[in-house]
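Read through the structure below, which is laid out as structure tokens, and then see the notes.
Every number here is computed from the coordinates shown, using simple stated rules; none is lab data. None of the values given here were measured: they were computed from a predicted structure. For neighbour counting, all protein chains shown are included, and Cβ atoms are generated from backbone atoms with ideal geometry for every residue, glycine included.
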Amino acid sequence: MVFEKSRKGLLGDNSKVLKDLEDLGQRLDINIESVPLAFTGTLAFGNIAQYHDLDLVFCGSLSQNRNIADKIRQLGISEPSRRLHEGGKGWLIRWFNRNGDVDGTIMCCFFRYGNIKDAPLQQFEVDVLEPNMQIEALISDDTHALYTPTIVTLHDVRATSIGDYSDNIRLPDSTKLVIYHTGSRGEFNIGDRIWANGAYAYIHTPETEYPALLVIEREAARNLTPPWSNFYSHDKH
């Protein structure tokens, strides 16, 4: 349900939800009523009386979603009290609104393709070439970094180990990193240096084919240049 319909129907006079949404609009400098937006989690089931965090799904174009995600990321970089650490890591698209971690609501943001044709892996086949490879690389394109699966394009890619053997092999700059779990959404951005461990494969779609490292485990991908110190720790700042 989009925000306008929710406000008239589901939300009614629930001031907490409305205040959280209004604060969201102010913090991100966006017009909430014109942004394609939906609820998920607790609110999607109509439970608006009590909620631990506000689960939102932005359903805009690639550029709209990227613009919003960049603003959220910048909030965390510039205002430490808005940073959310959970599960041993920081989050770049989950944050505290209002006065931050003092009394703020956790804003848990998801992103959906407004146009399903923009999703790059709708029809595809995978040929696994090496089931266990570790790489380091730089990110050259983060267009699909907000979604599940998370997909980023790499350059300066080097395999640092293959199986049980250490190595230093240059891989094609067309290599992509494909992460299947939801924990890395928004974590990797253009210019970041990353480490990852997964299966090296070729992905074949009706339009193209390319090499990729496929990551399943949550701990198997890391940003080596995180936006703040102690990003991968339980410390808050």
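The number of Lys pairs in the chain with C-alpha atoms less than 27 Å apart, excluding pairs fewer than 8 positions apart on the same chain, is 17.
Using a 10 Å cut-off on Cβ atoms, rank the peptides 68-75, 224-231 from the highest mean neighbour count down.
On the way: 68-75: 18.5, 224-231: 13.8.
With the highest mean Cβ count within 10 Å placed first, the list reads 68-75, 224-231.
Working from Cα positions, state the angle (0 to 90°, nearest 10) between the long axis of helix 62-78 and the longest principal axis of the chain. The angle comes out at about 80 degrees. Given R0 = 41 Å, the distance between the Cβ atoms of Lys117 and Asp164 translates into a calculated FRET efficiency of 0.45. The Rg/Rh ratio of region 8-109, with Rg taken over Cα atoms and Rh as the Kirkwood radius over Cα pairs, comes to 0.94. Values of log10 I(q)/I(0) for the chain across q = 0.12, 0.15 Å⁻¹ run -0.71, -1.03, by the Debye formula with one identical scatterer at each alpha carbon and no solvent.
Above 17 angstrom, tally the Cα pairs of region 120-223 and express them as a % of all pairs, no decimals. Spell out each step's value before the answer.
Details: 2439 of 5356 pairs.
The share of Cα pairs beyond 17 Å in region 120-223 comes to 46 percent.
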